[in-house]
1. Tell me the mean residue ellipticity at 222 nm calculated for the chain from its helices only (DSSP H runs of n ≥ 4, each -39500 (n - 2.57), averaged over every residue, nearest 500).
2. Suppose the chain between residue 27 and residue 202 were pulled fully straight at 0.36 nm per residue; how much longer would it get relative to their current alpha carbon spacing?
3. Report the Cα-based extents of the chain along its three principal axes, largest first, to the nearest Å.
4. Mind checking which of 72, 165, 14 has the largest fluctuation in a GNM of the chain, springs on alpha carbons under 10 Å?
5. Against the globular-protein guess of 2.2 N^0.38 Å, express the Cα radius of gyration of the stretch 1-48 as a ratio, rounded to two decimals.
6. GNM on the chain, C-alpha springs below 10 Å: top fluctuator among 87, 98, 168?
7. Can you tell me which of 139, 187, 84 moves the most in a GNM of the chain? Springs connect C-alpha atoms under 10 Å apart.
8. Take every DSSP beta bridge with both residues inside the chain and express the antiparallel ones as a percent of the total, to the nearest 5.
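We did not get these values from a lab; they are worked out from the coordinates using the rules stated. Every value quoted in this text rests on a predicted model; they were computed, and no experiment measured them. Cβ: placed from backbone, ideal geometry, glycine included. Neighbour counts: every protein chain shown.
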Ligand code: VGL
Ligand code: ZN
């Protein structure tokens with residue numbers, strides 16, 4: 001069995017002092033470093049926006065962060081500028097161990113469409129290649145951790161299930177933007193059979 005971990009968007013701009021701060025996001029860095037030894041394959045993802053990305057409130061006159069608009073037929077939350085390509089903010093947290101990260105998946109590059117999931121854009125128009133990569137490596141089951149558990153980790157997990165993988169959320173190695181929202185998303189994830197591991201003490205790999 002190919003024990004596989006996908007680390008979602010553990011980037012500087014999502015840290016507590018960043019522009020799109022996820023509460024206590026920095027706490028997960030040593031946790032993720034610690035659990036990597038249990039995996040055979042580790043993949044990481046990066047939110048990777050051009051500065052003119054239309055998910056940024058700054059690219060719409062009269063709009064402010066967290067307003068909701070219709071973007072080419074898809075509901076879009078407008079975010080503060082974040083994870084702009086080749087900025088410090090888009091880099092993975094400097095303390096995150098990446099020596100064993102075999103593949104990096106970048107997403108959110110098309111300025112006209114956001115990509116919360118690491119498998120597809122939000123319109124499900126374009127694949128990132130992650131599903132093909134994982135299948136090619138013989139992966140059947142994937143564990144997910146990272147940021148934010150109610151947004152990009154959630155959408156990535158739902159698409160993993162859609163792609164036929166068995167999926168586990170490592171909640172103790174993830175943090176949400178909004179705690180209440182995560183509770184709703186956990187119900188959504190449990191419906192198609194996602195396993196949720198809440199604490200490090202419940203975590204074990206057969
Ligand atoms: C994310 C909002 C916008 C995330 C990325 O990584 O959860 N959230 N872009
Ligand atoms: Zn983004």
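1. Numbers: 4 runs with 38 residues, N = 206.
Computed mean residue ellipticity for the chain: -5500 deg cm²/dmol.
2. On the way: separation 175, 0.36 × 175 = 63.00 nm, distance 1.81 nm.
Difference between extended and current length: 61.2 nm.
3. Computed over the chain, the largest-to-smallest principal extents equal 53, 33, 31 Å.
4. With Cα springs under 10 Å in the chain, the top fluctuation among 72, 165, 14 is at 72.
5. Working: Rg = 12.1 Å, N = 48, 2.2 N^0.38 = 9.6 Å.
In units of the globular-protein estimate, the stretch 1-48 measures up at 1.27.
6. 87
7. So, out of 139, 187, 84, the one fluctuating most is 187.
8. Working: 6 of 33 bridges.
If I count the DSSP bridges inside the chain, around 20 percent turn out antiparallel.
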